[in-house]
Amino acid sequence: MNEYENVTAPPPPPVGTAPQEDRTVALIVHLTGIVTSFIVPLIIWLVNKDNPSKAWLNDQSKEALNFQITVFLAFLVCGVLSIIVIGGLLMPLVWIANLVLCILAGIKSNEGVTYRYPFALRLIK
């Protein structure tokens, strides 16, 4: 048994080319995560989760939702750790990482590329 057997890989991206409308909505989903946290990705995912023609948009919405939940949890941990000062130092780093990664994800998804955040808890599968 090696050390990589218990690591879960992200789900494979849907096959096919996404229409321009879906790419634009995916761009909006990733970028609004900066301001609205997980609200917009959750709404877009709930609206499109049962529509098989929106598989790529559904995948990107879940990816953005999972990342925003991860960022929200990181902010909660920073809030708790702010009692011992370290959380106050980490909170701006979490915010900057959220900003940069959401912009990268928005650009890639607008190009039609399936984007995977480098670190995200994949709670919604």
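Structure values in brief
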quantity: Condition met for residue 111 (surrounded by fewer than 19 Cβ atoms within 10 Å (Cβ to Cβ) and within 22 Å of residue 24 (Cα to Cα)); calculated: yes
quantity: Filter result (outside any helix (DSSP H, G or I) and β-branched (Val, Ile, Thr)) within region 96-125; calculated: 113, 114, 124
quantity: Index of the failed condition, residue 51 passing every other in (1) surrounded by 17 or more Cβ atoms within 10 Å (Cβ to Cβ); (2) touching a helix residue (DSSP H, G or I) at 6+ places or on another chain (Cβ under 9 Å); (3) polar (S, T, N, Q); calculated: (1)
quantity: Unmet criterion (only one of (1) more than 10 Å from the chain's Cα centre (by Cα); (2) not in a helix (DSSP H, G or I)) for residue 93; calculated: (2)
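Laboratory data are not the source of any read-out in this text; all were calculated from the coordinates shown. Treat the numbers as computed from the prediction; the structure is a model and nothing was measured. Positions of Cβ are backbone-derived with ideal geometry, glycine not excepted, and every protein chain shown enters the neighbour counts.
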